[in-house]
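Visitor: This is the structure I have questions about; it appears just below.
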Amino acid sequence: MPNKIETSLSKLFENHRVVFWYDSKKELRNDFNSINIDGVNKEEINNNEFGLKYQILREKSDEKFLLYKEDAEPSDPIDNWLLDVQLAHHVYSADQQSIWLEELGLGPEYRELINTHSEFFKAVGRINKLKKILNENDTKYKVKLKMISVCANADEIALDSTLEYLLKECSEEKDEKINLIKRCQLFDFLFDQIYRHFQYQSNNPGIKDFCINLFDSSYKNNISEDSKLSLESSVFINRWKDSRSLEESFSKMSVFCAETLGIESDLNDRDDFTKLLDIDIFEIIDKKIISELVTKVVNRTITAGEVSKHIHKRAPKHYYIKYKSYYKAIESAAHLLLLIDNAKLKINSFSEGIELYSSKWFSIDQLYRKYIFHQQNSKNPSLMNDLTELVENFYSNKYLLELNNHWQSSINRINLWDDPAVSMQKNFFKDNVKPFLDRNKKIVVIISDAMRYEVGSELVKKINNSDRFSSTITPAVSMLPSYTQLGMAALLPNNDLEIANDTTGAVKVDGISSQGVKNRSKILNKLSEKKAECINAPEFLKMDKNQQREVFSKNEVLYIYHNLIDQVGDKRESEDRVFKASKEALEEIVQLVKALTNANASNLLITADHGFIYQNRELPESDFSSSKIDAENILYKNRRFVIGNNFSENESFKIFKSSNLGLLGGLDVAIPKSINRIRVKGSGSRFVHGGSSLQEIVIPIIKVNKSRTSDLSNVEIEVIKGPSNLTITTSQLSVVLYQIDAISDKTLARSLRVGIYTKDNKLISDSHDLQFDFDLDNPREREIPVRFILTREADNIGTQEVELRLEEKESGTNHYKTYKKVKYTLRKAFTTDFDL
């Protein structure tokens, strides 16, 4: 295998015919003797200059020569008899520095750089890395930048990238890379560059000290206080923060610097938390904002709109994802309190109660569900104890109890559980399913156990947010008692419904038991007079696509039973997870809808057997009926109803005969008034159904269709404010981005990455990730002001055209495409802003 000298010489002979080699230290003879290069004559200079000259110039004028002299080159040119030949060809130096120069393809003018930083070149790996990134026109300055990049093992040849990897090492409490830079005599050069870019200087410079100054200056820049470093420190820290591969190191150093700089103490002295909304370099800032928002919502000193606006501003920030549950809980609470404050809960009639609940009041139950869900998901729910207490008091006392007390007055005035102005569950098949069959159209019905109206309303939004899907929702009134056996039976085709005269609570449809999917399939086939089948959702979802198509194709009517909410909520040990189950149910039903449409189903109905009441905190004694219900015979007892014969009159209960409820048989049903529960040993009490509250008896009927053409679009964004003459003359650029329309079911949010670029795609400013998801009617509330800080590179490129680019990510990739761009002229008028 050829050695380095032979390799180096071989490269020289690619361009030179004659190479002189002076061994001034008389230590390389063995190397000379070992060299064997094809087509090269090896000759030693030893008082034979004229003979060599004759060979080179006459005898072998087309051949190559390596001329070795075991001595230094003659100091006086007069003594060098081969000087004319030497000047016409090449002199090889075989010292280590020369070998490195040759290997890197650098000229003799780099010898001093090699000598100064010789430690760097002692590792073959570093030489090879440097060799790969060197260009023939690199200056000494550029070569040194690349050398520190190699030392830091950075992934880009730039100071920013080098610093990011040195800071990563610092976060790991290691020092190998920075020590290597010191050994290679590049430490002073590194910190000269840091000074040029960031104005950092210190009597004892170091990466950790620089990092502290970096965080301190970025923090002060954001709160408009004097800082030690240039504005470019903010650009750098944002780039570091947003790097996926370096995010962990940023977080570690952020915590360290926050403690070192006493940020918590500083934040405690700041009254106006809104001035912190744009700062996301310290995690503790999110804690401060959350604490302030909680306090203000509890004290009722902030509007729901302001809460949403502040949280929206935090949404694109670094730590938002970690604290998303807190923010979402606070926002839900603020809007829930607002709705309860403004709710006029008066009800004049049965039908009016259903209409008002399904058009307005259900949103309060939805916001309560979302508050509890996010509060439970937060890592420290106790942080919101005061807010939770307020929400619970408002929801339970000012809304749930008050609403259903008014509603109870309407129920007290009726004897028959029916109203021609509302859709009744018993008529579901006749009113909703049969019309499809009459037109010889297939129909699929999904019945989700305990999917109350507010959950159904959210399901409609989720379906409508899916491309080519549309859905509508209308309210219906469930059977009473509002429990599973009766609700499921009523959704089948029926002429007569009857609760069994035993302790099971089972229900017969036209004399046939409705327990289980086999019996329900029998009822469907008999009473619909069509080929029909009932199946459980998990069984259908486990099938492959061909099996799902087969099930659908062989039936005119398909009933699919989905049970996740009731399954979790109806158990004492898991009832506190019912809102989590509600979210999972929504996702599963959307999955089911898409599976069905892929199986060629085009007509889908989604409904529920009943709703539910849920209060998350332990219930006070006042929520339980203190009155004992007496009857000749009690067959079935639930927390919200009792089935038996001949109940005694009781002011705490509303008593219905079977015939008043549209049922056969001689049984009676007693329902506790309003939201009162009956104590039942061994069962939970926070999740209940079976009674006549609006939350229990208003169920959704959702119609789903799928079109053939795409019907989704994203909101459009415009740049509406900026420099009037489209010229950038300072180190900052402020613009306002405007979301043209509010988001809706079919007009979705848009996420953008925004920055200033040169024509050759070089980013010369900080970059902002922005979310445009405003659902507000006021156009002024759909504006996002953005300030860009230009990098030092912008100062170096002179006057040229640049672009403010709005980019969005290609779905399912990490690639960004340009959504819109605005062209500006950049002029070099702002160099003094950097104060270099």
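The values are calculated or read from the model by the stated rules, or taken from the named source; none is laboratory data. Being a predicted model, the structure only gives us computed values, none of them experimental. Note that each Cβ is placed from the backbone with ideal geometry, even for glycine, and that neighbours are counted across all protein chains shown. Side chains are part of the model used for accessible areas, which takes the heavy atoms of the whole protein and leaves out ligands, DNA and RNA. Shrake-Rupley method; radii C 1.70, N 1.55, O 1.52, S 1.80 Å.
Visitor: Sort 196, 780, 805 from largest to smallest accessible area, using a 1.4 Å probe on the heavy atoms of the protein chains. Let's see the in-between values first.
Guide: Numbers: 196 90, 780 165, 805 20 Å².
Per-residue accessible area, sorted high to low, gives 780, 196, 805.
Visitor: So what is the 222 nm mean residue ellipticity for the chain from helices alone, if each DSSP H run of at least 4 adds -39500 (n - 2.57) and you divide by all residues, rounding to the nearest 500 deg cm²/dmol?
Guide: Details: 32 runs with 323 residues, N = 836.
That comes out to -11500 deg cm²/dmol.
Visitor: Points 7 angstrom from Cα along the Cβ direction at residue 632 and residue 649: gap in nanometres?
Guide: It works out to 1.8 nm between the two label points.
Visitor: Further, regarding this structure: Any chance you could get the radius of gyration and Dmax over the Cα atoms of segment 667-768, in Å?
Guide: 28.2, 86
Visitor: Oh, and also: Kindly give Rg over Rh for segment 258-410, based on alpha-carbon atoms, with the Kirkwood expression for the hydrodynamic radius. Mind dumping the intermediate values first?
Guide: Numbers: Rg = 18.0 Å, Rh = 16.8 Å.
Computed over Cα atoms, the ratio is 1.07.
Visitor: Among the helices of the chain (complete DSSP H runs), which have Cα atoms covering no less than 20 Å along the helix axis and a Kyte-Doolittle mean of at least -0.5? Each step should come with its number before you reach the end.
Guide: Working: long enough: 207-222 (22 Å, -0.46); 247-261 (21 Å, 0.15); 283-299 (25 Å, 0.42); 324-342 (27 Å, 0.21); 362-377 (23 Å, -0.88); 578-598 (30 Å, 0.29).
Helices passing the filter in the chain: 207-222, 247-261, 283-299, 324-342, 578-598.
Visitor: Across all directions of projection, what mean area in square nanometres is found for the Cα convex hull of segment 396-449? Working shown, then result.
Guide: Numbers: hull surface 23.7 nm².
Average of the hull's projected areas for segment 396-449 equals 5.9 nm².
Visitor: Can you give the accessible area per residue of the chain, in Å², using a 1.4 Å probe? Can you show the working numbers first?
Guide: Details: 38520 Å² over 836 residues.
Normalised by residue count, the accessible surface of the chain is 46 Å².
Visitor: Still on this structure, please answer the following. How are the C-alpha pair distances of segment 167-226 spread across 5 Å bins, as whole percents from the shortest bin up?
Guide: 4, 16, 24, 25, 18, 7, 4, 2
Visitor: Something else now. Given axes a ≥ b ≥ c from the Cα gyration tensor, I'd like to know whether segment 733-786 is rounded (a/c under 1.5), prolate (a/b larger than b/c) or oblate.
Guide: prolate
Visitor: Classify segment 472-531: rounded, prolate or oblate, from the alpha-carbon gyration tensor (a ≥ b ≥ c, eigenvalue square roots; a/c under 1.5 rounded; otherwise prolate if a/b is larger than b/c)? If you can, show how the numbers build up before the last one.
Guide: Details: a/c = 1.91, a/b = 1.01, b/c = 1.89.
Oblate is the answer for segment 472-531, as a/c is 1.5 or above yet b/c matches or exceeds a/b.
Visitor: Averaging over every viewing direction, what projected area does the convex hull of the Cα atoms of segment 589-631 cover, in nm²?
Guide: Values: hull surface 25.6 nm².
Value for segment 589-631: 6.4 nm².
Visitor: In addition: Let me know the charge dipole size of the chain about its Cα centre in debye, to the nearest 20, where only the beta-carbon of Lys, Arg (+1) and Asp, Glu (-1) is charged. Intermediate results must be reported in sequence, preceding the final value.
Guide: Values: 116 positive and 124 negative charges, 674 e Å.
Charge dipole of the chain: 3240 debye, to the nearest 20.
Visitor: Between residue 763 and residue 71, what FRET efficiency follows from the Cβ-Cβ distance if R0 is 60 Å, with the result rounded to 0.05?
Guide: Numbers: r = 58 Å, r/R0 = 0.96.
According to the calculation, E is roughly 0.55.
Visitor: Given 267, 822, 374, which one lies farthest toward the positive end of the charge dipole of the chain, if we put +1 on the Cβ of every Lys and Arg and -1 on the Cβ of every Asp and Glu?
Guide: Working it through, the farthest residue towards the positive pole turns out to be 374.
Visitor: Still on this structure, I have one more. Can you figure out the FRET efficiency of residue 659 with residue 223, using R₀ = 56 Å and their beta-carbon distance, to the nearest 0.05?
Guide: Values: r = 73 Å, r/R0 = 1.30.
It comes out at approximately 0.15.
Visitor: May I ask for the percentage of alpha-carbon pairs in segment 394-517 that lie more than 19 Å from each other?
Guide: Values: 4739 of 7626 pairs.
When every Cα pair of segment 394-517 is considered, 62 percent fall beyond 19 Å.
Visitor: For q = 0.28 Å⁻¹, what log10 I(q)/I(0) does segment 608-649 give under the Debye formula with an equal point scatterer on each alpha carbon and no solvent?
Guide: Debye intensities relative to I(0), on a log10 scale: -1.04.
Visitor: Among rounded, prolate and oblate, which fits segment 478-594 when a ≥ b ≥ c are the square roots of the eigenvalues of its C-alpha gyration tensor, a/c under 1.5 means rounded, and a/b larger than b/c means prolate?
Guide: Details: a/c = 2.43, a/b = 1.03, b/c = 2.36.
Because a/c hits 1.5 or more and a/b fails to exceed b/c, segment 478-594 counts as oblate.
Visitor: Dividing the convex hull volume of the Cα atoms of the chain by its residue count, what figure in Å³ per residue is obtained? Don't skip to the end; give the middle numbers.
Guide: Numbers: hull volume 201.3 nm³, N = 836.
Spread over its residues, the Cα hull of the chain gives 241 Å³ apiece.
Visitor: In whole angstrom, how long is each semi-axis of the equivalent ellipsoid of segment 198-270, when you take the square root of 5 times every eigenvalue of its Cα gyration tensor and sort them from largest down?
Guide: Values: eigenvalues 61, 52, 35 Å².
Square roots of five times the eigenvalues give 17, 16, 13 Å.
Visitor: On to the next question. For segment 706-836, just the Cα atoms, rotate onto the principal axes and tell me the three extents in Å, largest first.
Guide: That works out to 61, 33, 21 Å along the principal axes.
Visitor: Hey, another quick one. Take the alpha-carbon centre of segment 1-51, take the same for segment 653-727, and report the distance between them in whole Å.
Guide: Centre-to-centre distance over Cα atoms comes out at 92 Å.
Visitor: Kindly give the semi-axes, whole Å and largest first, of the ellipsoid equivalent to segment 553-606, taking each as the square root of 5 times a Cα gyration tensor eigenvalue. Before the final figure, lay out each step's value.
Guide: Values: eigenvalues 158, 27, 9 Å².
Sorted largest first and rounded, they come to 28, 12, 7 Å.
Visitor: Follow-up question, since we're still on this one. Just subtract the alpha-carbon distance of residue 619 and residue 260 from 0.36 nm times their residue separation and send over the number in nm, one decimal.
Guide: Working: separation 359, 0.36 × 359 = 129.24 nm, distance 4.67 nm.
Once the chain is fully extended between residue 619 and residue 260, it gains 124.6 nm.
Visitor: Multiply the residue separation of residue 574 and residue 815 by 0.36 nm, subtract the distance between their alpha-carbon atoms, and state the gained length in nm to one decimal. Could the numbers behind the result be given before it?
Guide: Working: separation 241, 0.36 × 241 = 86.76 nm, distance 4.32 nm.
Full extension of this stretch gives 82.4 nm more.
Visitor: What number, in nm² with one decimal, is the all-direction average of the projected area of the convex hull of the alpha-carbon atoms of segment 120-220?
Guide: Details: hull surface 27.2 nm².
Spelled out: convex hull of the Cα atoms, projected over all directions, averaged, 6.8 nm².
Visitor: For the pair residue 602 and residue 155, how long in nm is the line joining their label points, each one 7 Å along Cα→Cβ?
Guide: Rounded to a tenth, the inter-label distance reads 4.9 nm.
Visitor: Moving on to the next point. Can you tell me what percent of all Cα-Cα pairs in segment 438-502 are more than 19 Å apart?
Guide: Values: 1018 of 2080 pairs.
That fraction is 49 percent.
Visitor: Give me the one-decimal nm value for the distance between modelled label points at residue 413 and residue 278, 7 Å along each residue's Cα-to-Cβ direction.
Guide: 5.7 nm
Visitor: Okay, which of segment 95-128 sit inside 20 Å, backbone N to the point 7 Å along the Cα-Cβ direction of residue 27?
Guide: 95-103, 111-112, 114-124
Visitor: Beyond 18 Å, what percent of the Cα pairs of segment 143-279 remain? Intermediate results must be reported in sequence, preceding the final value.
Guide: On the way: 5137 of 9316 pairs.
Tail of P(r) above 18 Å: 55 percent of Cα pairs.
Visitor: Moving on to the next point. So if we plug the beta-carbon distance of residue 88 and residue 128 into 1/(1 + (r/R0)^6) with R0 = 35 Å, what FRET efficiency do we get, rounded to 0.05? Could the numbers behind the result be given before it?
Guide: Numbers: r = 34 Å, r/R0 = 0.96.
The value I calculate is 0.55.
Visitor: Calculate the translational D of segment 1-145 in whole µm² s⁻¹ from Stokes-Einstein, where the hydrodynamic radius comes from the Kirkwood formula applied to all Cα pairs, the temperature is 10 °C and the viscosity 1.306 mPa s. Can you show the working numbers first?
Guide: Values: Rh = 16.6 Å.
Reported coefficient: 96 µm²/s.
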